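Bear in mind these aren't lab numbers, they're just calculated from the coordinates by the rules spelled out. Just so it is clear, the model here is predicted, and its values are computed rather than measured. Positions of Cβ are backbone-derived with ideal geometry, glycine not excepted, and every protein chain shown enters the neighbour counts.
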Amino acid sequence: MLNPSVDLLGFLALGFLGGFGHCVGMCAPFVLLVSRRFAAPDAGRAAALGAQLWYTLGRVLTYAVLGALAGLVGGVVELAGSLVGLQRAASVLAGTVLVLEAIVGLAGSGPLARTKGGRLFARVSAALGRRVPGHPFGLGLLLGLLPCGLLYSALIAAVSRGGPLGGALALLAFGLGTAPALLGVSLADDLLARRRALLDRLARLFLLAMGAWFVWTGLRG
Amino acid sequence: MRRPRVAETVLGLAVAVAIAAASFAVRQRPADPGGSPPSAASAAAGAPAADVPDVSRTDATLDRGDLRILVSAGPRPLLAFSRNRFRFRAEKGGAAVPLADAVVSFTMTMPMGDHRHALVLATDGWQEAEAVLPLCPSGKRRWFGRLDFTLAGRARSARFAFDLAAP
C-alpha cells in the first residue's frame, strides 16, 4: 500500500511532534534571525511575537502552495526534481544571511566593529539585506522553500489527498502544527535575551554554525 | 545601570528547558502514534548496524527462532522520492506462513515523520508494500525498516536496514 491516507489531524500532529523533534533543531536559527532582524531588542515581546507570526504565516503559505503542487502533480518525484535547484539556492542564500548576521553581530559590539574587516562585513551584510525580504512574511515565504526531510514526508503523504486543495489544506495543517515549537523557541529567546551579553553571543555562534551548515548543504546538493 | 530582570530570565530558561525536554521526549517516543507495537524509531534507529541485515544490495534472511523471513527490496539501487517495493516471505519448516496484521515502518536517525505501510499479498505469495521515502538534506542515507506482525496470536517484529540514494 502506497501513501496511506492521512487526515488533517494527522498532518497537524506530524507538524506538532516534528516541530519539537526536528524543527527546533533545524530551524531555530531562523527564528532567532527573525527576532533579531525584525524586532528591536527593546521593542517588547509583542513586537517579537508579531514578527514571528508574520514569518510563520509566510512559511505556512509556502508549505500550502507546495502541498497544492504535490496534490496537483500527484507525486513528489516530479515536484522534488523541479524544486531541487530552487531549494539549494534558498539554502545557500539563507545560510549566507545567517553567517553574515552572526559575524556582524559578534563583531558589532566589540573592537572588531571598528576594524576594516568589521566595516566590510557590515557593508556586505547591508548589501545582502537589501536582497532578502524586508518583512518577516516575505522571509517566511522564502524560507518555506528550504530543503527539509520532514516537509518532504508531509508532501509524500499529501499526494494521497487527491488534489491541489486537499494537498494545500494538508500542508497548511502541517505548517500550523510546527508553529508552537518554533514560537516557543522565539519566546524562550525573547525572555532569555534580557541577559543580552553572553546569551546573544552564544546565539550568534549558533547562527554562524547553522548558517555555514546551510551554505554547505545547498552547495553540496 | 539597568536592573537584571531575574524573573524573566528564569522564565526564559524554563521555556528553553521545556522545549528541550519536549524535543527529547518526542525523539524517544515511538514514531507510530497509532499505538502499534514498539516502533522502529527508537529501537531500529539506535540499533547497532551489525545486528541489522542490510538489504541495499542483496536480499536478506531474518531468522526468528523457527521462523525465517526472506526480505527483498527493489528496484535497486533504492532511491529517495521513488517507489521502492519491500517484499517479505515468512517460512516455517520450509512452508510459507502468512503474516497477520503485517506492517512495515521506516525510520532514520533524523526524525522524518511516519512512514508505515500495511503489507498486501502479492500474486506469488509474498507480502509486500510500496513506499516513497524522502531524502534527508543532512546527507544521511541510512534507513531502518521494521516489520511488525502477528503469528499464532503473538506480536513479533524483525528489523533490517538499507541505504537510500539520492534520485
- Task: Counting other beta carbons within 10 Å of each Cβ, put B:138, A:91 in order, fewest first.
- Result: B:138, A:91
- Task: Starting from the Cα of residue B:76, step 7 Å along the direction of its Cβ; do the same at residue A:86; then give the gap between the two resulting points in nm.
- Result: 3.6
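If you count, for each residue, the other Cβ atoms within 10 Å and average over each peptide, how do A:159-166, B:60-67, A:65-72 line up from highest to lowest?
Working: A:159-166: 17.1, B:60-67: 13.2, A:65-72: 23.1.
Taking the mean over residues of other Cβ atoms within 10 Å, the ranking is A:65-72, A:159-166, B:60-67.
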- Query: What spacing in nm lies between the two simple spin-label points modelled at residue B:120 and residue B:101, each 7 Å away from Cα in the Cβ direction?
  - Reply: 2.2
- Query: Computed FRET efficiency, Cβ-Cβ of residue A:206 and residue A:46, R0 22 Å: what is it to the nearest 0.05?
  - Reply: 0.35
- Item | Prolate/oblate/rounded call for region B:100-167, Cα gyration tensor, a/c under 1.5 rounded | prolate
- Task: Rank these for me by crowding, B:117, A:135, A:22, going from fewest to most other beta carbons within 10 Å.
- Result: A:135, B:117, A:22
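Could you work out how much longer the chain between residue B:20 and residue B:91 gets when fully extended? Use 0.36 nm per residue separation minus the Cα distance between them, nm to one decimal. Before the final figure, lay out the partial values.
Values: separation 71, 0.36 × 71 = 25.56 nm, distance 4.50 nm.
Net length gain for the segment: 21.1 nm.
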- Item | Exposure proxy order (Cβ contacts within 10 Å, fewest to most) of B:81, A:137 | A:137, B:81
